1. Shape verdict for segment 468-596, please, from the Cα gyration tensor: rounded (a/c under 1.5), prolate (a/b greater than b/c) or oblate.
2. Which value in deg cm²/dmol, rounded to the nearest 500, describes the helix-derived mean residue ellipticity at 222 nm for the chain, given -39,500 (n - 2.57) per DSSP H run of n ≥ 4 and division by the residue count?
3. On the accessible surface of the chain, probed at 1.4 Å, how many percent belong to carbon and sulfur atoms?
4. When only alpha-carbon atoms count, how far does segment 168-231 stretch along each of its three principal axes, as whole angstroms with the largest first?
5. Kindly sort LYS635, LYS83, LYS778 by accessible area of their heavy atoms, largest first, with the probe set to 1.4 Å.
6. From the P(r) of segment 166-312, can you give the percent of Cα pairs sitting at distances over 18 Å?
7. Report the extension gain between ASP769 and ARG479 in nm, rounded to one decimal, defined as 0.36 nm multiplied by the number of residues separating them, less their alpha carbon distance.
8. Could you sort 225-232, 183-190 so that the peptide with the highest average Cβ count within 10 Å comes first and the rest follow in order?
Amino acid sequence: MVTEFLPLVSKLTRYLGNEINSVHKDLKGVDLTFALAFPDVYEIGMSYVGFQILYDILNKREDIAAERVYTPWVDMENLLRTKGIPLSSLESSLPLKDFDIIGFTLPYELCYTNILNMLDLSGIPFLAKDRDKSWPLIVAGGSCAFNPEPVADFFDAIVLGDGEEVILEVCDCFKDWKKNGGEKEDLYRNLSELRGVYIPSFFDIRYHSDGTIEEIVPLRENYSTIKKRAVSDLNKVDYPTKLIIPFMKIIHDRASLEIARGCTKGCRFCQAGMTYRPVRERSPEVIKDITKRAIEQTGHQEISLLSLNTGDYSCISDLMADLMARYSEENIAVSLPSLRPETLTPRLIDEIKRVRKTGITIAPEAGTQRLRDTINKGITEEEILATTKNVFTAGWKAIKLYFMIGLPTEKEEDVEGIVELSGKILSCGKGMNSPRNINVSVSTFVPKPQTPFQWESQISLEEIIQKHNLLKSKLSGNRLSLKWQDPRLSILEGIFSRGDRRLSNVLIDAQRYGCRLDGWTEHFRYDLWEKAFMDAGLDMDFYNRRKRSYDEALPWDHLDCLVSKEFLASERERGLNAVLTPDCRTEGCTNCEVCDNKNLKLVISSPVLQRKPSEYLNRKQAVRSYRKYRLQFSKLDDARFLSHLELINVFSRAVRRAKIHVRYSKGFHPLPRIIFGGALPVGIESLSEYVDMEVEGYRGHDELKDKLNKELPPGLRIFNCWEIPLKSNPISDNIRKIKYLVFPNEKIKTLSPDCNTLKESVASFLNKDSLFVLHKKKGGVRKVDLRFIVEDVKLRDDLSFEISLRHGMATDIKPFKLVEHILNLEDNQVKLLRILRAEAG
């Protein structure tokens, strides 16, 4: 039974692992194999920039092969478990347990059960103490590494800080150990000598009878505190430009370019603002070079400039003006996903909208000025309203607002303030030529480690629901919409955010009870979590409902993000008194103690004059002429798994990489004029598909075809190309007959070559006068006569058979459903057949 499904799983995995720019190496020709494991689904993991950075760094080394693995969705997990198939990498389908090193990203607390689930699917013991040297070295890193204690028992080593600083050192350390044939303890000892590498088993945690930590005991001399690693100069660190291009839609489907790391605004609730200090900016020239290469090598239509606060980048206005001067005429948009209201100037707004109006989010965080000062947000209501007015005036019809509830010192009037401020922001759109909308998103404050509010309590589940109800009653309708996170998710996040090692037993039990994909509402089971805590004898309220004293030992006290504990305590006191702390980049040092002013310090780019190269301006003024071409292509083998929308994306990006200039539509969201024929159902192959595109200037037919074929993935191949009139009829008008070839599969006994069932089924179908089935389409369900749709079915000598459809009937029924009824098969059997559209014309 396992072998029946292995080919299907292998093909699905292989096609995901064969994306444009993915790296494939001969694993026998490298010294070390490294599995980069992301504990959430592919669509999320592929949007994670850090993952792509590490993938690029590792694979640039000839002696290392890095491959990827993600959490499988529930249907794939069930298939793997039912058929006994181990979780494997995308690139080579190597089982996870056969890698030398597995590196997990720790992006957020609600993915912890996914880590255990991935280990379980791989047959790897959960606890590091249960794995001898025959098992892979399992390491972790990411934002949650600054308190990894709830998952510390699962890992051999954990990296604090910037992974690109230390990952190759970890690999070299492992290679030397492997070559010398030492024991696992020897590897631990060697790794512990690397700055930023935390070996959890080198510490013993002792507890008081009340559950608080009595002492964190180092078990190795001169290894009592682990200091984070930090890149000192981003300009000297390679950034990936040959980004992996997924075939499917992912959460952030664009080229994300990090322009700066760190933040000095000092928001007291923000963990990243503390742990990623100090600010280090890339120079404008480096950013422009990265952007140019990323566009050429990916074909993305949007570039996202990333940092914790992109608007604070010292050269942002000049940089945006330069990028838009270069790329707006190619319809490449530039988005700034993280902006403080006061940095969203009219000039910046004008640049953002030059190609398309990407989304605008404003984060007041709190509804009143007192509470914004408490959290050190540093913005006023006047600045928020002025920014909103500018955005609406520039043509945006909707703005997203982001608030938090449950912040320290919050009162009822602060929650009411969210309603009042949202109403004022909506009023900024009055008098415009069309109504404006406000989408309010509310999350619950979660005290985070390594922040000034790490000692605070989290509000109860009942309080969260009460505050939600207040907002729901006053923020509905009238062009105001409200979204909120499930309060139980916030409670769980709060527990694991500041949790200790005793929670590892809770995680193990929760995974065994069925908890996984907890960040996905449809799979979140709070009742199972309550059971896991009860079975472990731990009180959920102990972790999030109580304030910590300054004297209490915190689970992460031995992990140093370089921001001093004294500074955090001082900031907490200032916050409780609503006293602002200025930005150190403009007002002088605030003594957080991160900078040593030698190896690590603020790196601020000098503003540069905006340059508008004449060639870009001349191109904009040129009169363009276009010719229209019709291309005929095949879609075979693994390419059959591409949906129609994914196929459109694949061609659009291939056109960009090939540097073929196509005409774009007009309006709010310009799209390339690349028009396909009818959509081919997922899973169906085709020998003859068509696409029209309007191309700037004259190109020879072969040149156009060859350029595109070099950029298309395996399974897609253009074999014919000819010019047609610009005002020619659509492709569908020229398709008069559809033929499908269906090939038998020996795994289906009734379709084996020595069985007469196939012939009998075809004959029975052809002898029918009619065969009505229910067919679902947009707008409802209707009856369809399959016998009328099918003109003929012909058996061939190899027991494949040909289905010919009547003219105009191609969209009335899907091929899989058609074959299912002709052969009287189950749905899962039909999916094992190879169905090929042999003719469309």
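The values are calculated or read from the model by the stated rules, or taken from the named source; none is laboratory data. Bear in mind the structure is a predicted one, so any value in this text is a computation, not a measurement. Every residue, glycine among them, receives a Cβ derived from its backbone with ideal geometry; neighbour counts consider all protein chains shown. Areas reflect the complete protein model, heavy atoms only, side chains present, ligands, DNA and RNA absent. Shrake-Rupley method; radii C 1.70, N 1.55, O 1.52, S 1.80 Å.
1. Since a/c reaches 1.5 but b/c is at least a/b, the shape of segment 468-596 is classed as oblate.
2. Taken over the chain, the calculation gives -10000 deg cm²/dmol.
3. Here it works out to 49 percent.
4. Projected onto its principal axes, the Cα set of segment 168-231 covers 47, 31, 18 Å.
5. Ranked from most to least accessible, the order is LYS778, LYS83, LYS635.
6. Of all Cα-Cα distances in segment 166-312, 72 percent exceed 18 Å.
7. 98.8 nm
8. 225-232, 183-190
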